[in-house]
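Have a look at the structure below, then the notes.
Any read-out appearing in this document is the output of simple, stated calculations on the displayed coordinates, not a laboratory observation. Bear in mind the structure is a predicted one, so any value in this text is a computation, not a measurement. Because the Cβ atoms are built from the backbone with ideal geometry, glycine has one as well, and the counts that use them run over all protein chains shown.
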Amino acid sequence: MSNTFAASCTRTFSLTCGIGLLLLTHGFSRAEAPRFVVEDDAFLDQVCAAAAKLKNAGKLVPLEKLQCQLNRQYSSVKPASESPRKFSPPDLYDRLLQSTLAVGDFYQCDTCTNWHFMAATAFVVSSDGIISTSYHVVGNGEEPLTDKPDFLVAADHDGNVYPVREVLAADADADTCLLKIDATNLTPLPLRANARTGERVYCLGHPEGYHFLFSEGIVARLMRSRDTMSILEPDGEHTGKARPSLYLNVTAEFAPGSSGGPIVDEAGNVLGQVQSITSNVEEESTNKSGGSFVSGPVRFCVATEEILRLMQPPAGYRQPAPLPKPPGFQPSAALSEPDLMNMTRSLFARGSNALTVLDAPAAGSTLFKRFDACVQAMNTRFPSRTNATELGLLQIRAWLLRDQHHCDQSLKDPQALLKSVAAQTGMSIEQNAELDRLELLCDARHVNSGARLANWEQAIERHRVRFPIDPATELDMERLNLVQAFAPRRLETLAHRLAESSDPVLAAAAKAKQEEVRPSRFQRSRSQAQ
């Protein structure tokens, strides 16, 4: 599940980090029990003030240090016994309040000096301070780097704040992890496997910053999948993995900010943990009625079986030493060459879309970092791979896109890769044409004068003669910009010619350049008349 939260002095975090605004107040008693009233803004102040005291006392652990512990796979934990007692919904809410936390980032803003809290959800599984939440709440180090301090803290419904001290166990494929917080005498929720379709379930979380929100539904489906919903895009793209995980689809409502929250039965036994939400957009080209519509949403929860798996170390398991740096994205070692190549293609397409269509540079940068990890895995695991040419061309395309949108680069020397791809045998005419075109696009980065532009344009004409099958639209798009920069007197003539192109994107770009030229001509004529 993915979302971006825009607010004063906030930043993009992982899928479920809503704006952490929470204070909860007691009052307005009823005959049976006191009501619990949430006052988000006031509690945000309380959490930030308490977290600041812990930070000043040196009791908070940097988020990066916690991320280096994500290689821990298991931790021996004894869960609470299942509860047979059923609650009424109001009493169940009161029960869940005792065991459900707001957990998330406590950080100093990039654009101001203030500290902020961004809350996702967690729940207590052991009275000695062990909690369960989503893996992506901790993050794996893919987030944009910042030189500001960053910590992970947890807060209960009374506003007490606890440092997250340690990652005990984590599973990226199942998107779940166990954390240790500085707290004792907590009230755990029991874990119950074997959920059944049709069971009534309840959820407590912090959707979109509306904290401790309670919802009701049923288990709509049990499913196993080798995919996990992307946390970067709202269109529900999938990332392949080797081991299938068990999920619940539920109708209880939740939204970003609820990830890691408990999905419980009427007795308060945890059946699953909130993971993601997706809806599919169908465009007019794929439906008969025209236009587009949104189906869904479909809500995914990691089944309790996946949480219990973390608590049962196999014989002989030893906890590894922390990683020297956060793990980042790592494609599964069990993926075959075709599966890994498909993942690489998908990440390239999604990264391109994030940069050029969605105008989302943070998401695009992260997706291309995952692309880099897949490329490295292809080169390491399959040195005699059959897709070497395609992989090299994708890397060069990725370099051009990232250069254009000022994203971090892993490929430092595209020219060396161009030579390496050119030396490969068995390339098709289409691949040769693409390689030559990409080389020209790379060369365009070095055009800084009218003379160099003239030489570059001559190289385009040679490309057209050599590869008549290639429309060379990308080269004409680049040519418009370079002519405007280094030979502006020729821009109107070039734009007029390219405006007649059969390619709609190129024609639109050329017409836009014509509109840019016309006002300047009018202004010159007016100036001369005066």
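Taking 25 Å as the limit for the C-alpha separation, the pairs LYS65/LYS369; LYS55/LYS325; LYS65/LYS412; LYS86/LYS180; LYS148/LYS369; LYS412/LYS511 exceed it in the case of LYS65/LYS412; LYS86/LYS180; LYS412/LYS511.
Between the amide H of ARG165 and those of LYS180, ILE181, ASP182, distances stay under 5 Å, these residues lying 5 or more places away or on another chain, with hydrogens modeled in the peptide plane.
For the stretch 359-511, averaging the sequence separation of C-alpha pairs within contact (under 8 Å, six or more residues apart) and dividing by the residue count gives a relative contact order of 15 percent. Couplings 3J(HN,Hα) for the stretch 439-454, derived from phi with the Karplus relation 6.51 cos²θ - 1.76 cosθ + 1.60 (θ = phi - 60°), are 5, 5, 5, 5, 4, 4, 5, 9, 6, 9, 7, x, 5, 5, 5, 4 Hz, where x marks Gly and Pro. A cut-off of 5 Å between modelled amide H atoms, ignoring neighbours fewer than 5 places along the same chain, links ASN71 with LEU323. Of the peptides 419-427, 330-338, the ranking by mean beta-carbon count within 10 Å, highest at the top, reads 330-338, 419-427.
Put simply, the amide H of PHE212, placed in the peptide plane, has neighbours under 5 Å in GLY205, HIS206, leaving out anything fewer than 5 places away on its chain. Extending 7 Å from Cα along the Cβ direction at ALA334 and again at ASN185 yields two label points whose distance is 4.4 nm.
Sorting 116-123, 78-85 by their mean Cβ neighbour count within 10 Å, with the most densely packed peptide first, gives 116-123, 78-85.
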